[in-house]
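Data first, discussion second: the structure below is written as structure tokens.
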Amino acid sequence: MFGTGHRTPRLGIDLAGGTSITLTASSKDKNAINQSNMDIAVGIIQKRVNAFGVSEAEVQTQGNSNIIVNIPKGTNSQQAAEQVGTTAKLYFRPVLALAPTGVQVPPASPSANPSGSASPSGSASPSASGSASASASGSASPSASATKAGRAVSDALKAADPSAAASGSGSAAPSAAASGSAAASAPAQPPVPTTPTEGTVPPELQQQFAALDCSQAGQRQDYQTDETKNAVACSYDAEQKVWYKFALGPVAVKGADVSKAQAGYDTQRAQGWEVQLTFNDKGSKDFATTTGTLAGMQAPANQFAIVLDGKVVSHPYVQQSITGGNAVISGSFTQEQASSLSNVLSYGALPLDFTKSDVTTVSAALGGDQLHAGMLAGAIGLALVVLYSLVYYRGLGLVSIAGLVVSAVLTYSIMTLLGASIGFALDLPAVCGAIVAIGITADSFIVYFERIRDEVREGAQLRPAVQRAWPRARRTILVSDFVSFLCAAVLYVVSVGKVQGFAFTLGLTTLLDVVVIFLFTKPLITLLARRKFFANGHPWSGLDPKRLGARPPLRSSRRRTTTSAAVKEA
């Protein structure tokens, strides 16, 4: 499916090289797996792949619950292949509690101090240890062990105090100074827990939170089963190389309310790559309300988690309501990670969950070998047909060769046009269908030639033999091609995947056989019948009456019999 330009057919994965991925849809609601949701998923996946600059990728449904994604070899193809099945369900949830993974949670105490510390031993709370929280003077000092988990800021706040940003403070949200002017505050990064658990775990989550060990791959699942209920989630701190587990509140802002997301590099605060978000009207209001509510709480309750497909990708904290409908997700992002996250957020979440049931990668070298093998098989088959035609039909064999050439040119041209217009991919099964078509086309020639020879054997001259043989041959050819086309159509309907390529090519070449035999072969033989080489039955014409065992004309024999009887009577 990846030809160059529009002068060659598009080659499939198995011939050009690339990755073929089969995605299988799943949902708790069986009725959710329908054609409408599958079409929506195809559109979203197509946009995601194209956003990586991958040209000529193919995304199509297969059956009722599968999507086939074919991605050619090229720049960013591997990155695109890894992202195609990402559901991209984005939620903004308030953080209720967090802890390093594997640490047992102490029982929740109703008398937990308002500073947010949940340690029963009375260890220092985040505010006491110098974490990011507004002091009476309106300033805040960063924790020495602050993580790079991320922050959320509005675009308006980013330019509030360039001098402070330049000094390396990296403010995420300004606090109100005594004079009332906007001033940059501490880095908007949540502190590393100094106690086993920070915050208060809701009673209904205590058992699940205590048992959750995010360091175990089997437990890193998507627990976001209900948007209106509390949930748990995991997150990985790449700098500290530590897994964290979170107790989260109900969804405050949905990812569907993100109207635009793009990756960018923060040059002012030297925070690296970030994802810049723009909310729609509803998202802007919800985001402002949520950040305003969290700003008045103690850590970690003043943080909100950005949850993507069940994993916390960032958990920034805020100090005041963020308005304006813009926010930034930043942290330890590479350019590739920021681009991937902005890509999935830009085009929305998939309506269904998908698992990669099959992934096939074919190298360009292997694809070239398979293409060479297919072309070689076709050339051998064509050579044998040509040899047989010349040996058995002699001069008429040239007609069959010319017909095969015309059929091949038409097939090649149509496949090229279909590849450019509807994305038809010539894969190995399709090549097999084209090879089988050589036999179908040759069979039509043989039927017509044998009908003409039968007429010549009966003693007819070539020109009337051609005319009388056509109706009988035409009927046989049409019936034979109809059966072949019917088989190809049924195979195309009931099959999936690459078998459809074989059926499509077989049906296409069968239709072309009818076109060639009616519009090329029949007129050509009619013209050749007027040539002396064929009309006089030259030994190399393939229509020599003696070689065919032709009988004398019936009228001549009757005349000779009548004349002999008259002579005897005389």
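The values are calculated or read from the model by the stated rules, or taken from the named source; none is laboratory data. This one's a predicted model, so the numbers in the text were calculated from it and none came from an experiment. When we count neighbours, we look across all protein chains shown, and the Cβ atoms used for this are built from the backbone with ideal geometry, even at glycine. Accessible surface areas use protein heavy atoms only, side chains included; no ligands, DNA or RNA. Shrake-Rupley method; radii C 1.70, N 1.55, O 1.52, S 1.80 Å.
Miscellaneous remarks
- Test: residue in region 78-95 that is in contact with a Phe, Trp or Tyr (Cβ under 7 Å, 6 or more places away or on another chain), open to solvent by 50 Å² or more (accessible area, probe 1.4 Å) and at pLDDT below 70: no
- Across region 350-373, the qualifying residues are those that are crowded, with 17+ Cβ neighbours inside 10 Å and not in a helix (DSSP H, G or I), and the one among them that is modelled with the highest pLDDT is 354.
- Here residue 376 fulfils each of the conditions (1) more than 21 Å from residue 425 (Cβ to Cβ); (2) exposed (fewer than 13 other Cβ atoms within 10 Å of the Cβ) apart from (1).
- Matching residues, region 476-499, being within 32 Å of the chain's Cα centre (by Cα) and without any contact (Cβ under 8 Å) to a residue 60 or more places away in the chain: 485, 486, 487, 488, 489, 490, 491, 492, 493, 494, 495
- Annotation note: of 70, 31, 64, the sole residue that is open to solvent by 60 Å² or more (accessible area, probe 1.4 Å), at pLDDT 75 or above and not in a helix (DSSP H, G or I) is 64.
- Filter result for residue 293 (at pLDDT 85 or above, within 19 Å of residue 227 (Cβ to Cβ) and out of contact with any Asp or Glu (no Cβ under 7 Å at 6 or more places or on another chain)): yes
- Taking region 399-431 as the range and being of a type in the set (Val, Ile, Thr), open to solvent by 20 Å² or more (accessible area, probe 1.4 Å) and over 30 Å from residue 534 (Cα atoms) as the test, the residues that pass are 414, 422.
- Residue check for residue 567: assigned to a helix (DSSP H, G or I), at pLDDT 75 or above and open to solvent by 50 Å² or more (accessible area, probe 1.4 Å): no
- Residue identified as closer than 26 Å to residue 395 by Cβ, in contact with a Phe, Trp or Tyr (Cβ under 8 Å, 6 or more places away or on another chain), touching a residue at least 12 places away in the same chain (Cβ under 8 Å) and not in a helix (DSSP H, G or I) among 542, 537: 542
- Of all the numbered requirements in (1) at negative phi; (2) surrounded by 13 or more Cβ atoms within 10 Å (Cβ to Cβ), residue 475 misses one, and that requirement is (2).
- Of residues in region 288-305 being assigned to a helix (DSSP H, G or I) and surrounded by fewer than 18 Cβ atoms within 10 Å (Cβ to Cβ), the one nearest to the chain's Cα centre (by Cα): 289
- Those residues of region 206-257 which are hydroxyl-bearing (Ser, Thr, Tyr) and surrounded by 14 or more Cβ atoms within 10 Å (Cβ to Cβ), in sequence order: 215, 223, 235, 236, 244
This table checks each residue for (1) under 16 Å from residue 447 (Cβ atoms); (2) not aliphatic (A, V, I, L, M).
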residue	(1), (2)
476	yes, yes
488	no, no
508	no, no
527	no, no
531	no, yes
534	no, yes
541	no, yes
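- Verdict on residue 233 being touching a helix residue (DSSP H, G or I) at 6+ places or on another chain (Cβ under 8 Å), within 29 Å of residue 101 (Cβ to Cβ), among the small types (Gly, Ala, Ser) and assigned to a strand (DSSP E or B): no
- Look at (1) in contact with a Lys or Arg (Cβ under 7 Å, 6 or more places away or on another chain); (2) open to solvent by less than 20 Å² (accessible area, probe 1.4 Å); (3) within 30 Å of residue 256 (Cβ to Cβ) and you find that residue 346 fails only one, number (2).
- Evaluation of residue 21 against (1) open to solvent by 30 Å² or more (accessible area, probe 1.4 Å); (2) at pLDDT 75 or above; (3) of a type in the set (A, V, I, L, M, F, W, C) (one fails), failing number: (1)
- Answer residue from region 420-433, given it is in a helix (DSSP H, G or I) and closer than 18 Å to residue 368 by Cβ and is farthest from the chain's Cα centre (by Cα) among those: 432
- From the options 283, 324, residue that is outside any helix (DSSP H, G or I), surrounded by fewer than 24 Cβ atoms within 10 Å (Cβ to Cβ) and either touching a residue at least 60 places away in the same chain (Cβ under 8 Å) or under 30 Å from the mean Cα position of the chain (by Cα) (or both): 324
- Residue count for region 445-469, restricted to those that are open to solvent by 30 Å² or more (accessible area, probe 1.4 Å), in a helix (DSSP H, G or I) and not aliphatic (A, V, I, L, M): 8
- Applying the set (1) buried (at least 19 other Cβ atoms within 10 Å of the Cβ); (2) at pLDDT 90 or above; (3) within 23 Å of residue 408 (Cα to Cα) to residue 442 leaves exactly one unmet item: (2).
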